[in-house]
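The values are calculated or read from the model by the stated rules, or taken from the named source; none is laboratory data. All figures in this text were calculated on a predicted structure; none of them were measured in a lab. Cβ: placed from backbone, ideal geometry, glycine included. Neighbour counts: every protein chain shown. These area figures cover heavy atoms from the full protein model, side chains too; ligands, DNA and RNA do not enter into them. Shrake-Rupley method; radii C 1.70, N 1.55, O 1.52, S 1.80 Å.
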Amino acid sequence: MSESVALQTGRDETRLTPAIQLVGLRKTFGAGDHPVVAVDDVELTIEDGEFFSLLGPSGSGKTTVLRMIAGFEQPTAGAILLQGRDVTHQAPYDRDVNTVFQDYALFPHMTVQQNVEYGLRVKRVPKAERVRRAAEMLEVVRLGSYGQRKPDQLSGGQRQRVALARALVNHPKVLLLDEPLGALDLKLREEMQVELKSIQRDVGITFVFVTHDQGEALSMSNRIAVFNRGRIEQVGTPREIYDRPSTMFVAGFVGPSNVIDAQLSAQLMGVRATHSVRPESIRVVHHAIADTEVSVEGVVSDVQYLGADCRVRADLPDGSHILASVPSDGLVGVSIGGPVRLAWSRYAAYTVAETTTSEGDTQ
Ligand code: ATP
């Protein structure tokens, strides 16, 4: 966009440049006959101001991608652009990014305020400004009155927020977070998910968040990239990823899903292709179904009580099974060993590719 167009629209031109572009990014570790392909030809664009998650199982390459963006690891091939500038061969301290790690790495002998000021001291920011900016950032992470405490006088969640304040005080363009909530217990983690998202909205900085927890990624992110064996299987909003998984891997990794093979799909839906249907899209039926629906008969092999809902497992004549998430008060007539008819809308079934990654590509 030209300067005049930027002026006419009143928009800041830099906001239109993606925060991060990964172009054909590849990383192999080790040489010889058995190199490990940790990251395999990754293409990704992260927009300015996004809360973006890299989601995938252990060993899928998320951390290696993050470390290459930070500059701690050199790519074997490809390029990394930050705000449109090629930084592939730049040192970490020359990149406008900061990283928050899982273990916080706070200085134990310093107060909270001194910990947050540290990065500014290194940059020789004058003392008065340092104190003011650190205090401001502690307010942002809701720790305004904790400045004089030492890290060991804080809870895990509070320590994590100090680490966040310390990373944000330099106003980096991008904040990289490597499983930052991994060390917290479940309740605290859920609280911090809400806090982190709201802090990100307040500061407007691009967050790139690494996690193997699909619930965490779905609840916090604007968009998600799902990793498998060093490759990206799908990029999309939480809704797209959950409702329309494009591969069998994504369907299975991001929440429970039913995979209906091509033969059964042809029989039930008239389309010979593998389909995925979420359990909550499937209901138990006792009556005739609409034209837009599909139904199948099976035998109940398990009923799992989950509170408001129950998970019903039905074995089908072809040897496969289907999971349905049914409201606990809708289980009339359902008993283990008994027959059941399950139905779902044709619109709730999506075709999925086997996977984008072939077996044995990495690891
Ligand atoms: P986790 O969630 O367990 O941290 P991850 O998805 O972040 O996993 P990476 O840490 O990026 O995965 O690792 C990807 C692959 O690269 C793994 O097979 C790992 O063993 C390998 N790997 C990572 N770092 C190195 C290294 N320094 N030397 C050799 N292999 C490595």
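Calculate the length of the line joining the C-alpha centroid of segment 84-134 to that of segment 308-343, in whole Å.
That distance is 54 Å.
For segment 322-331, just list the computed ³J(HN,Hα) in residue order, Karplus coefficients 6.51, -1.76 and 1.60, θ = phi - 60°, integers in Hz, with x standing in for Gly and Pro.
10, 9, 10, 9, 10, x, 4, 8, x, 9
Normalised by the residues of the chain, what does the relative contact order come to in percent, with Cα pairs under 8 Å and at least six apart?
Here the relative contact order equals 16 percent.
Please give the per residue accessible area of segment 54-166, computed with a probe of 1.4 Å over protein heavy atoms only, in Å².
49
Roughly how tilted is helix 112-122, in degrees to the nearest 10 and between 0 and 90, from the longest Cα axis of the chain?
60
Quick one: which of 145-154, 344-353, 212-221 comes out on top by average Cβ neighbours within 10 Å, and what's the full order, highest first?
Taking the mean over residues of other Cβ atoms within 10 Å, the ranking is 212-221, 344-353, 145-154.
Quick one: how many lysine pairs does the chain have with C-alpha atoms less than 29 Å apart and a gap of 8 or more or different chains? Give me the count, please.
Pairs that pass both the separation and distance tests number 15.
Going by accessible area, probe 1.4 Å, with all protein chains left in place, what is the ranking of Met68, Met110, Met248, largest first?
Working: Met68 0, Met110 20, Met248 60 Å².
From most accessible down to least: Met248, Met110, Met68.
Can you list residues whose amide H is under 5 Å from Val100's amide H, if they're 5+ apart or on another chain and H is modeled 1.01 Å from N?
The list, which skips near neighbours in sequence, is Leu176, Leu177, Asp178.
For the chain, which whole percent of the accessible surface, found with a 1.4 angstrom probe, sits on carbon and sulfur atoms?
Carbon with sulfur: 50 percent of the solvent-accessible area.
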